[in-house]
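As structure tokens, the structure follows; a few thoughts come after it.
Every read-out reported here was derived from the displayed coordinates using simple, explicitly stated rules and does not represent laboratory data. Every value quoted in this text rests on a predicted model; they were computed, and no experiment measured them. A quick note on method: Cβ atoms are made from the backbone with ideal geometry, for glycine too, and the neighbour counts reach across all protein chains shown.
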Amino acid sequence: MNNAIIVDGVVKKFKTYESYSGAAGALFGRKKKIKTALDGVSFKVKRGEILAMLGRNGSGKSTLIKMLAGVLRADGGAMTVLGLDPFKDRIRLAQQIGVVFGSTHPQLFWDLPPIDTFNYIKGMYGISESAFERKLERFIDMLSLKDVYKRQTRQLSLGERMKCEFVCSNLHSPKLVLMDEPTVGVDLPSRMAIGDAVIELRKEQKTTFVITTHVVDDIANVDRIVMLDHGKLVFDGSQEEMRSMFKKSVMVELYFSDKRRIGRYAKYGKVVVSRDDYVKLEMGPEEIKRRWFTQMLNDDAVVDYRINEPSLGFMLNQMYKKIDRDGVKDGAENG
Amino acid sequence: MADVGAYAAAFKVNFKNMLAYKTDIALDLTFTILSSLIFVFVWAAVYYFSGAGTLDGFSLNGIIAYFIVLAGISEVTGWPKIINNMEEDMKEGGIARFLIRPMNYTTQLLLESLPVDIVFFTFGSLPIIVGVVAFGHLSVTPSALALFAALMVIAYLMINIIGFIIGSMAVYLTSVWGVANAVTWLFSLAGGGVVPLFFLPDNIARLLMLTPFAFMYYIPDTTLLGIMPASAALQSVMIGTLWVIAFAIMASLLWRKVKRDINSVGG
């Protein structure tokens, strides 16, 4: 069995309630609405793969993570996680997976040091003393937790807490780790430490990771990206495949000694950023072969320049714009 | 199914976590006892102003003993501590952190509330009950003690299962605190927490004795004090066991539905 996860046409609907306007309206009732959080989503994740799940707030990422963890039940379609039905076989599946819920639903006991939660997990998953010691030492070293794990959780920074949450979800050597926005608000060194640990664990133990995130840096090392919007899968592919969709443009950054000259060149591309003596232009790759471009670079007023492919963040933003242009049907409907 | 080591680990960490709130727990414990003891003064005033030595055949000393024991019992049965975090878990999605562990949600909730109940029992119920038995010149028979213990276990299970049922309703209600307060108030009123059932008309008292209400206060209390005959207490153990089974089935059926309807928002 090569796939860790198979999601096949999964549907999830939530009941929500909307109050009638005004105090009298609120007194006499509320209107039930059905919100379609996931609308026929299908994809697979191979064992040992690192998958990033992207999408705007409310796109259905967290709902899908909770469904994969067996917390929520699918209203339609089918999914198997490590060969099990996550909702029906929740307890059996929980033995084999780890979940990080970001800072929203922490596993760490707020008033105790992380070591107490680690010991709890040791007992919960029946980890032997020697294996626990070995793994803990490894994580302490990997995530620089030496001066952290014995301090009260409430005294730790968000970054320190998230690194400890990561340990909680990996101490029992799960085959699959689901991470729901693990780096929101987390400082760069902690984010990088968690990212490196993901790579290490995949290399050492062939652990599969599914990571939802809004942080562009988090997806630098992932194997594949799936993107959700309004509960629908709108992209499933590698970073390269995403790049190829937007490779039609290059980003040209120009620094001028005389800002009055900016206007002369701005017309050749789409101005992305413009301030004082600086302009960032998006233009077709054929433009840089043109004569005006060589002239521009030789212009005395241009003191510095950079030509880049669009960044991952820029591409993602373009992707969102494309989705808005093409129009994904809104999942909300009256019920 | 989790093994003994998992339960032990969960209990240990929850016990340690509870100790972080020891001042809060101590104050809660003290004021639960004090609020129960208010009825000692209320009933002393009733006897004083009635001018009678006995009411319905019960002396003031007997009533004082009843309400002091009741103060001890209510430490365990007065409020289902299992409910404390359930609404938040259901509404704000905190339940997710329980459901990612290889253990039942109910078991985890019980292991979370058990340390507090143990502290309330050890430092609230036990000293009060031992004190009443030792210094109240009461002759408590071993069989009464055994039946009392059995009835306390029944009451503990019943109040927590009912608490779980109410807490589960958080999925459907905006707030469950109104329901929880109403139910505990009803238990107190109809279960002998305010007026001992022996003061009520016989047919009403007999009816209430069959309901879950009486198991929270009146039945264990009067069993320990020897007011209720052992045979009647034994019958109550059997009826109470049936109630526990009935509530457990109800809770299980409700949970089957609730877990399908959980939203677990946020993330």
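For the stretch A:248-308, restrict the atom set to alpha-carbon positions and state the Rg and Dmax in Å.
10.3, 30
Whole Å is fine, so just give me how far the alpha carbon centre of the stretch B:56-72 lies from that of the stretch B:163-180.
So the two Cα centres are separated by 34 Å.
For chain B, calculate the relative contact order in percent as a whole number, restricting contacts to Cα pairs under 8 Å that are 6 or more residues apart.
Computed value for chain B: 26 percent relative contact order.
Using the 2.2 N^0.38 Å rule of thumb for compact globular proteins, work out how the stretch B:193-238 stacks up: its C-alpha Rg over that value, please.
1.03
If amide H atoms are built 1.01 Å from N in the plane of the peptide, which residues on other chains or at least 5 residues away come under 5 Å of the amide H of A:Leu233?
A:Ser42
Which value, in debye to the nearest 20, describes the size of the charge dipole of the stretch B:4-264 about its Cα centre when Lys and Arg Cβ atoms bear +1, Asp and Glu Cβ atoms bear -1, and nothing else is charged?
Dipole size: approximately 660 debye.
What distance in nm separates the two pseudo spin-label positions at A:Thr16 and A:Ser103, each 7 Å out from Cα along the beta-carbon direction?
Taking the simple label geometry, A:Thr16 and A:Ser103 are separated by 2.4 nm.
Limiting things to C-alpha atoms, what are the Rg and the maximum Cα-Cα separation (Dmax) for chain B, in angstroms?
19.6, 66
Restricting the count to DSSP beta bridges whose residues both fall in chain A, what percent are antiparallel, rounded to a multiple of 5?
Around 75 percent antiparallel, to the nearest 5.
Please list the non-local residues whose amide H lies under 5 Å from the amide H of A:Leu54, H modeled 1.01 Å from N, same-chain partners needing a gap of 5 or more.
It is A:Val226, A:Met227, A:Leu228, by chain and number.
Tell me the relative contact order for chain A as a rounded percent, counting alpha carbon contacts under 8 Å between residues six or more apart.
Rounded, it is 20 percent for chain A.
So what is the calculated 222 nm ellipticity per residue for chain A, using -39500 (n - 2.57) for each DSSP H run with n of 4 or more, over all residues, to the nearest 500 deg cm²/dmol?
Rounded to the nearest 500, the figure is -10000 deg cm²/dmol.
Which ³J(HN,Hα) values in Hz, rounded to whole numbers, follow from the phi angles of the stretch B:32-42 under the Karplus curve 6.51 cos²θ - 1.76 cosθ + 1.60, where θ = phi - 60° and Gly and Pro get x?
5, 5, 4, 5, 6, 6, 3, 5, 4, 6, 4
Placing unit charges on C-beta atoms (Lys and Arg positive, Asp and Glu negative, everything else neutral), compute the dipole magnitude of the protein assembly as shown about its Cα centre in debye, rounded to 20.
Magnitude of the dipole: close to 1740 debye.
Quick check on packing: order A:46-53, A:263-270 by the mean number of other C-beta atoms within 10 Å, highest mean leading.
Those peptides, ordered most packed to least, come out A:46-53, A:263-270.
Where does chain A land on the Kirkwood hydrodynamic radius, alpha-carbon pairs, in angstrom?
22.8 Å
Within a Cβ distance under 12 Å of B:Phe15, other residues only, what is the Lys/Arg minus Asp/Glu net charge?
Net charge in that neighbourhood comes out at 0.
Show me, for the stretch B:25-31, the HN-Hα J-couplings you get by feeding each phi into the Karplus relation (A = 6.51, B = -1.76, C = 1.60, θ = phi - 60°), rounded to Hz, glycine and proline as x.
For the stretch B:25-31, the Karplus-derived couplings read 5, 4, 5, 4, 4, 4, 6 Hz, x marking Gly and Pro.
Just rank B:His137, A:His105, A:His230, fewest to most, by other beta-carbon atoms within 10 angstrom.
The fewest-first ordering by Cβ neighbours comes to B:His137, A:His230, A:His105.
Amide H to amide H under 5 Å from A:Ser19: which residues, 5+ apart in sequence or cross-chain, H placed 1.01 Å off N in plane?
A:Lys31
For the stretch B:1-30 and the stretch A:239-295, compute the distance between their C-alpha centroids and round to whole Å.
62 Å
How large is ³J(HN,Hα) for each residue in the stretch A:65-81, as worked out from phi by the Karplus curve 6.51 cos²θ - 1.76 cosθ + 1.60 (θ = phi - 60°), to whole Hz, x for Gly and Pro?
So the Karplus estimates, Gly and Pro as x, are 4, 5, 5, 5, 7, x, 6, 10, 9, 6, 8, x, x, 9, 8, 10, 10 Hz.
Share of antiparallel DSSP beta bridges in the protein assembly as shown, in percent to the nearest 5?
75 percent
Per residue and in Å³, how big is the convex hull formed by the alpha-carbon atoms of the stretch A:87-154?
Spread over its residues, the Cα hull of the stretch A:87-154 gives 106 Å³ apiece.
With the Cα gyration tensor of the stretch A:197-260 in hand, give its eigenvalues times 5 under a square root as the equivalent ellipsoid semi-axes, listed largest first in whole angstrom.
32, 18, 12
By what distance, in whole Å, do the Cα atoms of the protein assembly as shown stretch along each of the three principal axes, largest value first?
115, 63, 49
Would you be so kind as to identify which of A:Gly98, A:Tyr305, A:Phe14 lies farthest towards the positive end of the dipole of chain A, taking Lys and Arg as +1 and Asp and Glu as -1 on Cβ and the Cα centre as origin?
A:Phe14
Nearest 0.05, what FRET efficiency do A:Asp85 and A:Asn2 give at R0 = 22 Å with Cβ-Cβ as r?
With a Förster radius of 22 Å, E is 0.75.
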